[in-house]
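Participant: My questions will all concern the structure given below.
Values quoted throughout were computed directly from the atomic coordinates according to the rules given, and no laboratory measurement underlies them. Keep in mind it's a predicted model, so treat the numbers as computed, not measured. We place every Cβ from the backbone using ideal geometry, glycine too, and count neighbours over all the protein chains shown.
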Amino acid sequence: MASDPKIHTFEEVAPHNETKDCWLIISGKVYDVTPFMDDHPGGDEVLLSATGKDATNDFEDVGHSDSAREMMEKYYIGEIDASTVPLSRTYIPPQQTPYNPDKTSEFLIKILQFLVPLLILGLALAVRHYTKEK
């Protein structure tokens, strides 16, 4: 690592989001992983999906080995100015549709439309069977 690391802003790093030009922000450091794109065990899509944001959580969630962490040193190009990195978005679950009793009654009507004819048919067969002369 350089003794006097270059400080990059998020605006400088974000445009580097292609296979031929890929920079990542991990733990406050900036890495140019372009030469590693073809060799990454998870494929280049994994690296590309981590561009344009702080990829620290993505990196840590995978559980990289010590050798992978050591390998990162050769791709290190500087530090990130943390004040320029946008806050990560919090997950907002989609709105659930409220309980609608009309939908439930529609379901019951459809079931009954299927079951009632079956019950009538069953009853008709039972009556025929027991009233048949032997």
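Participant: Defining a contact as two alpha carbons under 8 Å apart and six or more residues distant in sequence, what relative contact order in percent does the chain show?
Facilitator: That works out to 28 percent.
Participant: Would you mind computing, in nm to one decimal, how far apart the modelled labels at T84 and T9 are, each placed 7 Å from Cα along Cα→Cβ?
Facilitator: Result: 0.5 nm between the two label points.
Participant: While we're on this one: Indicate, rounded to the nearest 5 percent, the antiparallel portion of the DSSP beta bridges found entirely in the chain.
Facilitator: About 75 percent, rounded to the nearest 5.
Participant: On to the next question. Can you spot the aspartates and glutamates whose alpha carbon is less than 18 Å from K110's alpha carbon? Ignore those fewer than 8 places along the same chain.
Facilitator: Qualifying aspartates and glutamates at Cα under 18 Å: D102.
Participant: Which value in nm describes the separation of the simple spin-label points at V116 and E60, placed 7 Å from the Cα toward the beta carbon?
Facilitator: 6.1
Participant: Further question on the same structure: How would the stretch 1-74 be classified by its alpha-carbon gyration tensor: rounded, prolate or oblate, with rounded meaning a/c under 1.5 and the a/b versus b/c comparison settling the rest?
Facilitator: rounded
Participant: Select from D81, D32, D66 the residue whose mean-square fluctuation is largest in a Gaussian network model of the chain (Cα-Cα springs shorter than 10 Å).
Facilitator: Taking springs between Cα atoms under 10 Å, the residue moving most is D66.
Participant: Rounding to the nearest 10 and keeping the result within 0 to 90°, find how far the Cα-based axis of helix 101-131 lies from the longest principal axis of the chain.
Facilitator: With rounding to tens, the tilt is 40 degrees.
Participant: Quick one: compute a quarter of the convex hull surface over the Cα atoms of the chain and quote it in nm².
Facilitator: Result: 17.6 nm².
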